[in-house]
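The values are calculated or read from the model by the stated rules, or taken from the named source; none is laboratory data. Here the structure is a predicted model, which means the values were calculated and not measured. FYI the Cβ positions are ideal-geometry reconstructions off the backbone, even for glycines, and counts take in every protein chain you see.
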Amino acid sequence: MAYSDFTLVKVRKQLGIEQKRVDHIFAEPVLEISPGAALQADIADGLRSPISTEKAKSEQLIFPVLKELKRHNPDGFTLFSGYTFNVDDSRSSNEVPDFMFAAKADIVEPEAPIFCLVEAKNGVIEDGFGQCTAEMVAARLFNEQDGHPTPVLYGCVTNGFEWLFLRLEGDTVYIDSTRFLIDSLPRLLGALQTMLNRFR
């Protein structure tokens, strides 16, 4: 079954993962990080470009933000884009998450621990909750198989303009009610950095 076929209902029935909405997914306060000039220019250019498809939003709005996070953490992680992630055919299929974070720096192939997956959606980001959760379950299994059990994993679903974070812990996926917006880059970068700090 493809990741994109999963809804939260299917995630509960087939993977045994319950859902819970929370006000703040991060225990610690989210600090603001000033965006660099390159990111500000990239986002300004992106907003002036045709961005009516998932691919366009991924290239013009999402990737520049993740690239800025990499600039702030050059040795902190490796970012994989569009990499096939097939872990267990009995539970999910070989589909391509938009972005994956691996805690090891400067690697060529994904290695455990994978700690975050970012899924781009063209419209309503809630439609991506099931898919992102299924990808996090697959990442947890991948980490376990590679000898790096990861009790907590993060996910993010975004349409480029709004970013909403998820946390997989045990048999529950926690869905943040707080939305981080592209026009508030310092807070968005701060949220991503807060997530990253847990795996450094």
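Checking residue 17 against (1) in contact (Cβ under 8 Å) with a residue 40 or more places away in the chain; (2) exposed (fewer than 13 other Cβ atoms within 10 Å of the Cβ); (3) farther than 16 Å from residue 183 by Cβ: exactly one of these is not met. Which one? The failed condition is (2). If you check 89, 5 for being modelled with pLDDT under 90 and either under 23 Å from residue 178 (Cα atoms) or out of contact with any helix residue (DSSP H, G or I) (no Cβ under 9 Å at 6 or more places or on another chain) (or both), only one passes: 89.
Name the single residue, out of those in the range 164-178 being aliphatic (A, V, I, L, M) and in contact (Cβ under 8 Å) with a residue 60 or more places away in the chain, that is nearest to residue 118 (Cα to Cα).
Filtering the range 164-178 for residues that are aliphatic (A, V, I, L, M) and in contact (Cβ under 8 Å) with a residue 60 or more places away in the chain, the one nearest to residue 118 (Cα to Cα) comes out as 166.
In the set 51, 43, 25, 33, which member is within 28 Å of residue 172 (Cα to Cα), of a type in the set (A, V, I, L, M, F, W, C) and in contact (Cβ under 8 Å) with a residue 24 or more places away in the chain? Reasoning before the result, please.
Details: 51 fails: within 28 Å of residue 172 (Cα to Cα); 43 fails: within 28 Å of residue 172 (Cα to Cα); 33 fails: within 28 Å of residue 172 (Cα to Cα).
Result of the check over 51, 43, 25, 33: 25.
Would you mind listing the strands (runs of 3 or more DSSP E) fully within the range 62-160 where at least 3 residues are surrounded by fewer than 16 Cβ atoms within 10 Å (Cβ to Cβ) and not hydrophobic (A, V, I, L, M, F, W, C)? Fully inside the range 62-160 and qualifying: nothing.
Of a type in the set (A, V, I, L, M, F, W, C), over 19 Å from residue 15 (Cβ atoms) and in contact (Cβ under 8 Å) with a residue 12 or more places away in the chain: does that describe residue 192? Let's see the steps before the verdict.
Numbers: of a type in the set (A, V, I, L, M, F, W, C): yes; over 19 Å from residue 15 (Cβ atoms): yes; in contact (Cβ under 8 Å) with a residue 12 or more places away in the chain: yes.
So residue 192 passes the test.
One line per residue, one yes/no per condition, for (1) surrounded by 14 or more Cβ atoms within 10 Å (Cβ to Cβ); (2) within 19 Å of the chain's Cα centre (by Cα):
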| residue | (1), (2) |
| --- | --- |
| 2 | no, yes |
| 26 | yes, yes |
| 34 | no, no |
| 38 | no, no |
| 47 | yes, no |
